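As structure tokens, the structure follows; a few thoughts come after it.
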Amino acid sequence: MAEKEVILTIEGLKRLEDELEILKTVKRREVAERIKQAIEFGDISENSEYDDAKNEQAFIEGRIITLEKMLRNARVIDDLEGSEVVALGTTVILKDKEFGEEEEYTIVGSAEADPGSNKISNESPVGKAVLGQPKGTVVEINVPAGILYYEIVDIR
């Protein structure tokens, strides 16, 4: 079974590479030292420090495997400044047709999505609706609360 392609911006790729480097160099060493200190306390069968350190070690190793897999399957998208249609890596300004409010989103791959920073996934309802659409288009977005209508005001 083929692994899923991970779409990243250059910024997202750098962030994942930096996280992987910190986990492999700093965090692994820190948790190994914590395990060593916990073992020195003696009986590890009822040693909560040892259990906590081993759990953290398992988390770190799992995250390293996940990041390596993501980076192995990464496809980096270039900044698409001046694009005529909404694409991965572009920033889009949407106007809510019902309330007139404008919102700005950058369309990114799911691995990089961060709604708090207005980075939405190409797989999200809004991302799917606007991808490939030109400026001026009104898109219909199906959400649990009903149907929303947004106009694509600008693409950067």
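The values are calculated or read from the model by the stated rules, or taken from the named source; none is laboratory data. Predicted model only: the values in this text are computed from it and were never measured. Every residue, glycine among them, receives a Cβ derived from its backbone with ideal geometry; neighbour counts consider all protein chains shown. For the accessible areas, the whole protein counts, side chains as well, though only heavy atoms, and no ligand, DNA or RNA atoms are used. Shrake-Rupley method; radii C 1.70, N 1.55, O 1.52, S 1.80 Å.
Computed FRET efficiency, Cβ-Cβ of residue 73 and residue 93, R0 41 Å: what is it to the nearest 0.05? Display every interim value, and only then the final one.
On the way: r = 31 Å, r/R0 = 0.75.
With R0 = 41 Å, the Cβ-Cβ based efficiency is 0.85.
Would you please give the FRET efficiency between residue 128 and residue 32, computed as 1/(1 + (r/R0)^6) with r the Cβ-Cβ distance and R0 = 41 Å, to the nearest 0.05?
Once the sixth-power term is evaluated, E becomes 0.40.
For residue 119, which sequence-distant residues (separation of 5 or more, or a different chain) have an amide H within less than 5 Å of its own amide H, given hydrogens modelled in the peptide plane?
106, 114
In debye, nearest 20: dipole of the chain around its Cα centre with unit charges on the Cβ of K, R (+) and D, E (-)?
That gives a dipole near 460 debye.
With a 1.4 Å probe and all protein chains kept in place, how much accessible area does residue 14 have, in Å² rounded to the nearest 10?
Per-residue accessible area (residue 14): approximately 110 Å².
For the stretch 128-136, in order, what is each residue's ³J(HN,Hα) by Karplus, 6.51 cos²θ - 1.76 cosθ + 1.60 with θ = phi - 60°, in whole Hz (x at glycine and Pro)?
So the J values, rounded to whole Hz, are 4, 5, 8, 4, x, 8, x, 4, x.
Report, in degrees rounded to the nearest 10, the 0 to 90 angle that the Cα long axis of helix 28-40 makes with the longest principal axis of the chain.
30
Under a Cβ-Cβ cut-off of 12 Å, what is the net charge of the residues other than residue 60 that fall near it, where Lys and Arg count +1 and Asp and Glu count -1? Working shown, then result.
Working: positive: 24, 27, 28, 29, 34, 54, 63; negative: 19, 30, 56, 61.
Counting the neighbours of residue 60, the net charge comes to +3.
So what are the ³J(HN,Hα) numbers for the stretch 48-65, from phi and the Karplus equation (6.51, -1.76, 1.60; θ = phi - 60°), rounded to whole Hz, Gly and Pro as x?
5, 5, 5, 4, 4, 5, 5, 5, 5, 4, 4, 5, 4, 5, x, 5, 4, 4
Based on the Cβ-Cβ distance from residue 55 to residue 18, what FRET efficiency comes out when R0 is 25 Å, to the nearest 0.05?
So the FRET efficiency works out to roughly 0.55.
With no solvent and one point per C-alpha, what does the Debye sum give as log10 I(q)/I(0) for the stretch 10-52 at q = 0.18, 0.23, 0.30 Å⁻¹?
With one equal scatterer per Cα and no solvent, log10 I(q)/I(0) is -0.59, -0.72, -0.93.
Full extension from residue 149 to residue 117: what is 0.36 nm times the residue separation minus their Cα-Cα distance, to one decimal in nm?
Additional length available on full extension: 9.3 nm.
Show that you can apply the helix-only estimate: for the chain, add -39,500 (n - 2.57) for every DSSP H stretch of four or more residues, divide by all residues, and state [θ] at 222 nm to the nearest 500.
Helices in the chain give a 222 nm mean residue ellipticity of -12000 deg cm²/dmol.
So for the chain, averaging the separation of alpha carbon pairs under 8 Å that are six or more residues apart and normalising by length, what relative contact order in percent results? Display every interim value, and only then the final one.
On the way: 244 pairs, mean separation 36.0, N = 156.
It comes to 23 percent, rounded to a whole number.
For the chain, treating each Cα as an identical point scatterer without solvent, what Debye log10 I(q)/I(0) comes out at q = 0.10, 0.15, 0.17 1/Å?
-0.53, -0.83, -0.95
Within a Cβ distance under 13 Å of residue 86, other residues only, what is the Lys/Arg minus Asp/Glu net charge?
Net charge around residue 86: -1.
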